[in-house]
Amino acid sequence: MKHRYYLQLFLMLLFCSTGVFAQDLTTTNLSWKYQPDAPLQLSWDLYQPAGQLPVLMLQLQLSQPAKTTALSGYVHYRDSLQNPVSLHREPLFSSVNKGEATHRFQHTIDTTRGAEWLVLELQHQQSTDSLRSFWYTLNIPALLHFGAPAFYLQQQENPLVVPYALVNESFAPQFPGAGAADSLFMFVYDLNFSPASTPMTTSPNAGSNKMEISNRRRIAAGQQVAPRTEGFYFIQADTLTLKGKGIRAEDRYFPKTRTIPAFAGPIRYLSTNEEWTELERENFSKQALDRFWLRMTQSEDRARKIIRSYYRRVTQANRLFTTFKEGWKTDMGMIYVLYGPPDVVTQRPDGEQWQYRSRGDIPEINFTFVRAVNPFDPKYYQLVRNRDYARTHFQTVSRWRRGQNLP
């Protein structure tokens, strides 16, 4: 027994010393990544040059770069999220230019290792705080379900890894190495996607899955594309596959809501059917929107506070969850806007679970999001809906309407 104990201790020390011992990520709280004041945020995209391994492009954004005293990154290959021992671990980066807010890296995914998960560990220290690890989990089979395109989008000499660009901002498809296509196919979809249905609506929302092509054309490889209208742009080298690169074109204020259409849409989550019908009848004019908020809050001062708080959530949802549709319209975005950042986030093999602790008259509640198979975005999640959410949902909306959900 003693021999076995020392053997286990030796193996643990060996794993720790070689850096392949991590932690069970199904029990780790990952809620920090959805906090507005998170010290860092990571964006990424994927491409695969012809005949080569897929390449992950990463963009790390620091909220307070001047206070960052230490920053390093590692890549873990894992066979499961529960197993704390990594199959392989290697540095992603070891040093960065201090004081800079944006850092870019690349990692070639070694698919020959047979790993299910690629786990990114970012070690960050700020001022007098202790060194802290931040984890991002990427499911390799899900990433490569449809295959990665052989090109990526470049904007102003840098890879475009966020899911949106602004109207009239140009970007160009880039083919690293050999095997570039002579021309590409670009499909444009209208922006008129439906918002997420309520958490207790178990029947599918037909409008949310309908995507109408409004324009299609060929573009040359490397050609600068400057979207003239808002929409979702999907670019392919081969239309016989589902591989492609999607990007949204948004107004110049996005992810903020500064135009009347952008301001009107998120009201759907707070309005009654009668109120929404009345807004539609008046074509969502500014006067109609002002009347809605004033009638709901019964006070100009309360209306200003609620509007400020509510659209702060909408902006953050757009930053965090935008895919082929605006972040606030996604299932995760809808829950985020109404309930705020989750208190506990745990990773599941097929998605995430969000927990909100009890608040006043609203009991503790859990939402489960599962990864959806979608050629436009491998990071798209859908809420597991349940009729039991009805009471909590109406309580939450009622608190907003009474001005009691201000952060």
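Per residue, the stretch 282-407 exposes 45 Å² of accessible surface when a 1.4 Å probe is rolled over the protein heavy atoms with every protein chain present. Label zone (Asp361, point 7 Å along Cα-to-C-beta; backbone nitrogen cut-off 18 Å) within the stretch 336-353: 339. Remark: the stretch 58-113 carries 49 Å² of accessible area per residue (probe radius 1.4 Å; ligands, DNA and RNA excluded). Each 20 Å bin from zero up to the one holding the largest Cα-Cα distance in the chain carries the following percent of pairs: 24, 55, 20, 1. Alpha-carbon geometry of the stretch 277-363: the Rg and the Dmax are 16.0, 48 Å, given in that order. For Tyr381, neighbours were defined as the other residues whose beta-carbon sits under 11 Å from its Cβ, and their charges (Lys and Arg +1, Asp and Glu -1) total -1. Taking all Cα pairs closer than 8 Å and separated by 6 or more residues, the relative contact order of the stretch 120-240 comes to 28 percent.
Between Ile213 and Glu116, the simple label model (points 7 Å from Cα in the Cβ direction) yields a spacing of 3.7 nm.
Over the residues of the chain, the helix contribution to mean residue ellipticity at 222 nm works out to -6500 deg cm²/dmol, using -39500 (n - 2.57) for each DSSP H run of at least 4. When peptides 83-89, 320-326 are sorted by average Cβ neighbour count within 10 Å, with the highest value leading, the order is 320-326, 83-89. When only Cα pairs below 8 angstrom with a gap of at least 6 residues are kept, the stretch 229-330 shows a relative contact order of 27 percent. Per residue, the stretch 114-238 exposes 47 Å² of solvent-accessible protein surface, assessed with a 1.4 angstrom probe and all protein chains in place. What percent does the relative contact order of the chain come to when contacts are Cα pairs within less than 8 Å and at least six residues apart? It comes to 14 percent, rounded to a whole number.
The portion of the accessible surface of the stretch 216-301 made up by carbon and sulfur, rounded to a whole percent, is 48 (1.4 Å probe; DNA, RNA and ligands excluded).
Carbon-plus-sulfur accessible fraction, the stretch 110-171 (probe radius 1.4 Å, protein heavy atoms only): 41%. Using a probe radius of 1.4 angstrom, the carbon and sulfur fraction of the accessible surface of the stretch 310-407 is 46%. When the chain is described by a simple charge dipole with +1 on each Lys and Arg Cβ and -1 on each Asp and Glu Cβ, the residue from Tyr269, Ser31, Ala66 located farthest towards its positive end is Tyr269. Placing R0 at 45 angstrom, the Cβ-Cβ distance between Thr27 and Thr202 gives a FRET efficiency of 0.95 after rounding to 0.05.
Charged side chains reduced to their Cβ positions (Lys and Arg at +1, Asp and Glu at -1) give the chain a dipole of some 720 debye around its Cα centre. Using a Gaussian network model of the chain in which every pair of alpha carbons under 10 angstrom is joined by a spring, one finds that among Thr28, Thr392, Thr277 the greatest mean-square fluctuation is at Thr277.
The values are calculated or read from the model by the stated rules, or taken from the named source; none is laboratory data. Bear in mind the structure is a predicted one, so any value in this text is a computation, not a measurement. Every residue, glycine among them, receives a Cβ derived from its backbone with ideal geometry; neighbour counts consider all protein chains shown. Heavy atoms of the whole protein, side chains included, go into the accessibility calculation; ligands, DNA and RNA do not. Shrake-Rupley method; radii C 1.70, N 1.55, O 1.52, S 1.80 Å.
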